[in-house]
Amino acid sequence: MIQTNSHMNNSKKQVKAVGLISGGLDSTVAAKIMKDLGVDVYGVYFAMPWGCCDKTKAIEAAMQLEIKFITLQLDERYLEVVKNPKFGYGSAMNPCVDCRIHMFTRARVYMDQIGADFVFTGEVLGQRQMSQMRHSMKWIEEGSGLQGRLVRPLCAQLLEPTIPEQEGLIDRQKLLRLNGRSRREQVLIAQANNITGYSQPAGGCLLTNQDFARRIKDTFVHGYRNFRETIALKWGRHFRINENFKVILGRDEEENTSLIRYAHSDDIIMQMPDQMGPTLILKGTNPPNEILALAAGLIQKFSRYKNDSPQELKYWYVKDKNTVYSINANLISEVEIEKLRV
Ligand code: SF4
């Protein structure tokens, strides 16, 4: 049973709501509906450690709709959710129900901070198998502590009335009853309101990607020292040499630079003497020479010198880039290399 409270009899006050904005069609249309109902919308964009939704599109949507916009960064607390999801994973390492509970909980905290009346999202009943079924939408509402205060404007008429609807803060008749995967209605609403430039649905979350899922699983098994290390999982080729050592090779200059920028201070950086080819980050404490030689061999194998005799490579610790060491590459076969790949 939904409880009503002091929000009663205040229909004259400015209604305030926190809206989750991803830059996609659904959340933009949901925000538009709320805006048209006279709600003061505070758009919240969640920045995933590995990118997901398009922040630029989200900012553009907020500007088009003339709503406020803030970014909340998902951090170490989110990693714990990914590691131990109560409601399990989807097709890869995507804990969609827990992920939403986590995000919506943070949105609720923000709602309380700014004295808003409710949180709303662009969710559509039946659109996503894991997180947008009637039962999972209920779990998300309850898990995030938003009972009665989580409004889904695109499918509200198919759901139980929420407190803001019951209190007349928003007109339930103006909310929609969309259901399923088709986005036809949302596209029409967007067209009718000159909403353009929204990002295309799905595909953005790396946790749904099987290759990335292997890397994150490997990281959870072997441990990580800080959040930045997990952000760096999105770049490069990854190889687990043994349970104590792992290497990552950049695939282009941009990745080389990013990997260096996000390396841990105890990591080792290794390059070809002429810096042609991938930059390698070696993770693990006090690597013996055979590990260093294997790492050097991997760089050579992915460089223009792959068919040459073993080269001498340079390496240094991130925390002391002025002390440079050398190591001769140990060139292992491609079959062996593939066995190490994460
Ligand atoms: S797809 Fe990714 S970002 Fe979206 S709910 Fe699932 S885990 Fe979260």
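The values are calculated or read from the model by the stated rules, or taken from the named source; none is laboratory data. Keep in mind that this is a model prediction, so the values were computed, not measured. Methodologically, a virtual Cβ is constructed for each residue, glycine included, from the backbone with ideal geometry; neighbour enumeration extends over all protein chains shown. Only protein heavy atoms, including side chains, enter the accessible area calculation; ligands, DNA and RNA are left aside. Shrake-Rupley method; radii C 1.70, N 1.55, O 1.52, S 1.80 Å.
Among 228, 261, 108, the residue with the largest mean-square fluctuation in a Gaussian network model of the chain, with springs joining Cα atoms closer than 10 Å, is 261.
Whole number in Å², please: accessible area per residue of the chain, 1.4 Å probe, ligands, DNA and RNA not counted.
Values: 16460 Å² over 342 residues.
It amounts to 48 Å² per residue over the chain.
Distance between the C-alpha centers of segment 73-92 and segment 107-144? Whole Å please. Between the Cα centre of segment 73-92 and that of segment 107-144, the gap is 17 Å.
From its DSSP helices (H runs of at least four residues, each -39,500 (n - 2.57)), the chain gives a residue-normalised ellipticity at 222 nm of -10500 deg cm²/dmol. Partners of residue 55 within straight-line reach, counting lysines whose Cα lies under 27 Å from its Cα and excluding those fewer than 8 residues away in the same chain: 16, 32, 35, 68, 83, 217, 234. Could you identify which residue out of 187, 18, 41 has the top mean-square fluctuation in a GNM of the chain using Cα springs shorter than 10 Å? With Cα springs under 10 Å in the chain, the top fluctuation among 187, 18, 41 is at 187.
Please work out the FRET efficiency for the pair residue 109 and residue 36, using the Cβ-Cβ distance as r and a Förster radius of 35 Å; give the result to the nearest 0.05. With a Förster radius of 35 Å, E is 0.85. Roughly speaking, what is the centre-to-centre gap between segment 248-267 and segment 36-59 when only Cα atoms are used, to the nearest Å? So the separation of the two Cα centres works out to 29 Å.
On the chain, 47 percent of the accessible area sits on carbon and sulfur atoms, based on a 1.4 Å probe. One equal scatterer on each Cα of the chain, no solvent, Debye formula: the resulting log10 I(q)/I(0) at q = 0.06, 0.07, 0.10 Å⁻¹ is -0.30, -0.39, -0.68. Comparing 77, 100, 172 in a Gaussian network model of the chain where C-alpha atoms under 10 Å apart are linked, the largest mean-square fluctuation is found at 77.
Run the numbers for residue 191 and residue 220: contour at 0.36 nm per residue of separation, minus the present Cα-Cα distance, in nm.
On the way: separation 29, 0.36 × 29 = 10.44 nm, distance 4.42 nm.
Extending this stretch completely gives an extra 6.0 nm.
Order the following by accessible area, largest value first: 222, 238. Probe radius 1.4 Å; ligands, DNA and RNA are ignored.
Values: 222 75, 238 0 Å².
Output order, biggest surface exposure first: 222, 238.
Summarising the amide proton neighbourhood of residue 42: residues at separation of 5 or more, or on other chains, whose placed amide H is nearer than 5 Å comprise 17, 18, 19. Using a cut-off of under 17 Å, list every residue of segment 262-277 whose amide N is near the label point 7 Å from the Cα of residue 228 along the Cα-to-beta-carbon line. Flagged as within label range: 262-270.
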